[in-house]
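Visitor: Here's a structure for you.
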Amino acid sequence: MCTLNSRAPRVVLAVLLTVFASCTDEPSPSEPMRGLEPQFNVGDVLMVTNTSGGTDIGSLRWAMNFVTGGEVIQFASNLAGQTITLDSTVMIDASVTIEGPAAEGITISGGGRVIVVDFSLSSDEEAVLRNVTIANGMSTSNGAGIIVRGSGSLRLENSTVTGNVAAAWPAIVGISTTLVNTTVSGNTATILTSPAILSNHLELVNSTIAYNASPGIGFSSLVLRNSVISNHSAPNCVSSIIGTTYEGNNIADDDTCGGPFDMLVASPQLGALADNGGPTMTHAIAAGSPAINAGADCTTAVDQRYVPRDGQCDLGAYEFIEFTTVDLTVASSATFDKDGWAVLTGTVRCSRNETFDLHVLLEQIQKSGRGTIDVHAAATTPIACSTNVLPWSVALVTTDDPFQNGNALATVGTLNTEKWVTPASKSQAVKLFKGRK
């Protein structure tokens, strides 16, 4: 007979059970056979090692049998980006964290047959899902993606809930729900007046709720921080906005979540739900979206894909990084006339079609007596930039002394660009020649 310490901190479950099996005594004939149940502690890791949707050793449902409160469910590295299609709903009645691989995530699917995850939690218990996609749950009644029974809380981080179908509340049903860098999209309620998410208290932080075949969210109290709610087949919000707290800035394409004094009421210009990198699918925002750089009091350093956010974050789960770039050139020579006018030329090309102003400065240091003077001229001209290389030409005049034959410095830069255009500038030494008039 061997003795095992009941605490196994940060242990891989499959390894632990192998050790337990090698130390098990044969039961006496008068006792029924009992399986050994290892006791885990808060923060201990249970490792899922295969994609079985049943209770095979190493499966997700098998690992859940050993959750007693506070454990972390993780997934072997070779499962990154894969899908677990369940034979039956994952049932959990204690605090737990389910954490997919940060690079490619993990998808837990109901296979269009069963509810995906069903938590039963007391008021002091919390379930956390991170880097996880909850997909294709099915229920003929309420809730298909995630159900939280009891008064416990649910927190989703860098996750996506999509493709779930139920008579009502297809994506998430719970008492207290917090979404951070999370997308809820493409869920369908067969009773169209039922929102995709129903929660007594709902908090959305840099999250995107969009394109659900139902209203967006239903709640008694709501905290919105730098989030997007849009493009639903019915109103974005179906509960009274009296219980809503607005933090940062938020955007919706109707006024059911708040009016123009509460949030931006406009289309966020979302792309389709797609693999845009990171552990879970997201809705990209297009160049021109009012969600770009519209955040305030930002509390998330990265977006759902773990892409770093700017100092002024974008709204929703996706941080726009596809900025327009501008390539500028300046010709190495220019002409001027006796009246002080000079003509500079060059080219401009953009990674997408844009309009902005081009600011041009020409400076020449000239000898004057025993010292020098700075002769300069500046001008601004509008530019219609495209993906083709286009010429530009600017005439500018000095306000005092004229230019002379010799060297000068030209500086060209973008001005009045849109917020999705990366400012650009170019300095070039030029040779000035007096032209004929």
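Visitor: Pairs please, first residue from the range 55-73 and on the phi < 0 side of the Ramachandran plot, second anywhere and assigned to a loop (DSSP other than H, G, I, E, B) and of a type in the set (Phe, Trp, Tyr), Cβ atoms under 9 Å, 6+ apart in sequence or on different chains.
Guide: Listed by first residue and then by second, the contacts come to 66/40; 67/40; 68/40; 71/40.
Visitor: If residue 421 satisfies every condition in (1) at pLDDT 95 or above; (2) touching a Phe, Trp or Tyr at 6+ places or on another chain (Cβ under 7 Å); (3) surrounded by fewer than 18 Cβ atoms within 10 Å (Cβ to Cβ) but one, which is the exception?
Guide: Answer for residue 421: the failing condition is (3).
Visitor: One residue is enough: does the range 106-122 have a residue meeting the conditions touching a helix residue (DSSP H, G or I) at 6+ places or on another chain (Cβ under 9 Å) and at pLDDT 95 or above?
Guide: yes
Visitor: May I ask you to say which residue of 384, 395, 379 is free of Cβ contacts under 8 Å to residues at least 24 places away in the same chain, touching a strand residue (DSSP E or B) at 6+ places or on another chain (Cβ under 7 Å) and aliphatic (A, V, I, L, M)?
Guide: None of the others qualify; the one that does is 379.
Visitor: What is the one condition in (1) surrounded by fewer than 23 Cβ atoms within 10 Å (Cβ to Cβ); (2) within 21 Å of residue 273 (Cβ to Cβ) that residue 317 does not satisfy?
Guide: (1) is the only condition that residue 317 fails.
Visitor: Also: From the set of residues in the range 176-196 that are out of contact with any Gly (no Cβ under 7 Å at 6 or more places or on another chain) and not hydroxyl-bearing (Ser, Thr, Tyr), which is farthest from residue 266 (Cα to Cα)?
Guide: First, the residues of the range 176-196 that are out of contact with any Gly (no Cβ under 7 Å at 6 or more places or on another chain): 176-185, 188-194.
So of that shortlist, the ones also not hydroxyl-bearing (Ser, Thr, Tyr) come out as 179-181, 184, 189, 191-192.
Details: 179: 22, 180: 22, 181: 21, 184: 19, 189: 25, 191: 27, 192: 23 Å.
Checked the range 176-196; the qualifying residue farthest from residue 266 (Cα to Cα) is 191.
Visitor: Let me ask you something else. Please specify each residue of the range 169-193 satisfying the condition of being surrounded by 21 or more Cβ atoms within 10 Å (Cβ to Cβ) and over 22 Å from residue 298 (Cα atoms).
Guide: Scanning the range 169-193 gives 169, 170, 171, 172, 173, 174, 185, 186, 187, 189.
Visitor: Now, a different point. Could you please find all residues in the range 264-280 being surrounded by 22 or more Cβ atoms within 10 Å (Cβ to Cβ) and either among the polar types (S, T, N, Q) or not in a strand (DSSP E or B) (or both)? Give the derivation first.
Guide: In the first step, residues of the range 264-280 are kept if they are surrounded by 22 or more Cβ atoms within 10 Å (Cβ to Cβ); the result is 268, 270, 278-280.
The answer is 268, 278, 279, 280.
Visitor: So, in the range 139-189, of the ones that are over 22 Å from residue 213 (Cβ atoms) and outside any strand (DSSP E or B), which residue ends up farthest from the chain's Cα centre (by Cα)?
Guide: Across the range 139-189, the extreme among qualifying residues is 151.
Results for (1) among the aromatic types (Phe, Trp, Tyr); (2) closer than 18 Å to residue 283 by Cβ; (3) touching a helix residue (DSSP H, G or I) at 6+ places or on another chain (Cβ under 9 Å), shown as yes or no for each residue.
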{"position": "143", "(1), (2), (3)": "no, no, no"}
{"position": "172", "(1), (2), (3)": "no, yes, no"}
{"position": "181", "(1), (2), (3)": "no, yes, no"}
{"position": "222", "(1), (2), (3)": "no, no, yes"}
{"position": "232", "(1), (2), (3)": "no, yes, no"}
{"position": "236", "(1), (2), (3)": "no, yes, no"}
{"position": "248", "(1), (2), (3)": "no, no, no"}
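Visitor: Against the definition (surrounded by fewer than 16 Cβ atoms within 10 Å (Cβ to Cβ), not small (Gly, Ala, Ser) and not in a loop (DSSP other than H, G, I, E, B)), how does residue 338 come out, yes or no?
Guide: So residue 338 does not fit the description; no.
Visitor: Quickly run through the range 82-97 and pick out the residues that are within 17 Å of residue 66 (Cα to Cα) and charged (D, E, K, R).
Guide: Scanning the range 82-97 gives a single hit, 93.
Visitor: Among the listed residues 47, 64, 138, which satisfies the condition of being under 24 Å from residue 304 (Cα atoms) and either hydroxyl-bearing (Ser, Thr, Tyr) or surrounded by 18 or more Cβ atoms within 10 Å (Cβ to Cβ) (or both)?
Guide: Working: 64 fails: under 24 Å from residue 304 (Cα atoms); 138 fails: under 24 Å from residue 304 (Cα atoms).
Every option except 47 fails the conditions.
Visitor: Further question on the same structure: Looking at (1) among the β-branched types (Val, Ile, Thr); (2) over 24 Å from residue 231 (Cβ atoms); (3) assigned to a loop (DSSP other than H, G, I, E, B); (4) out of contact with any Gly (no Cβ under 9 Å at 6 or more places or on another chain), which one does residue 299 not meet, given that it meets all the others?
Guide: (4)
Visitor: Scanning for something surrounded by 15 or more Cβ atoms within 10 Å (Cβ to Cβ), of a type in the set (D, E, K, R) and part of a loop (DSSP other than H, G, I, E, B), does the range 241-254 turn up at least one residue? If you could, list the steps in order and put the result at the bottom.
Guide: Of all residues in the range 241-254, those surrounded by 15 or more Cβ atoms within 10 Å (Cβ to Cβ) come to 241, 244, 246-254.
Restricting the remaining residues to those that are of a type in the set (D, E, K, R) gives 247, 253-254.
Those still in the list that are part of a loop (DSSP other than H, G, I, E, B) too: 253-254.
Within the range 241-254, one or more residues are surrounded by 15 or more Cβ atoms within 10 Å (Cβ to Cβ), of a type in the set (D, E, K, R) and part of a loop (DSSP other than H, G, I, E, B).
Visitor: Restricted to the range 381-411, and to residues that are β-branched (Val, Ile, Thr) and surrounded by 15 or more Cβ atoms within 10 Å (Cβ to Cβ), which residue is nearest to residue 427 (Cα to Cα)?
Guide: Just the residues of the range 381-411 that are β-branched (Val, Ile, Thr), to begin with: 381, 383, 387, 389, 394, 397-399, 411.
From what's left, surrounded by 15 or more Cβ atoms within 10 Å (Cβ to Cβ): 383, 394, 397-398, 411.
Numbers: 383: 18, 394: 15, 397: 19, 398: 19, 411: 4 Å.
The extreme case among them is 411.
Visitor: Another question, if that's okay. (1) within 25 Å of residue 304 (Cβ to Cβ); (2) modelled with pLDDT under 95; (3) polar (S, T, N, Q): which one isn't true of residue 97, the others all being true?
Guide: (2) is the only condition that residue 97 fails.
Visitor: Here's another thing I want to ask about it. Being at pLDDT below 95 and outside any strand (DSSP E or B) is the filter here; which residues of the range 357-411 pass it?
Guide: Result: 369, 370, 398, 399, 400, 401, 402, 403, 404, 405.
Visitor: Have a look at 288, 277 and point out the one that is of a type outside the set (Val, Ile, Thr), over 14 Å from the mean Cα position of the chain (by Cα) and at positive phi.
Guide: 288
Visitor: Every residue in the range 345-354 that is closer than 15 Å to residue 422 by Cβ, in a strand (DSSP E or B) and not aliphatic (A, V, I, L, M), please.
Guide: The answer is 349, 350, 354.
The values are calculated or read from the model by the stated rules, or taken from the named source; none is laboratory data. Since we're looking at a predicted model, the values are computed, not measured. Glycine gets a Cβ as well: all are built from the backbone with ideal geometry, and neighbour counts include every protein chain shown.
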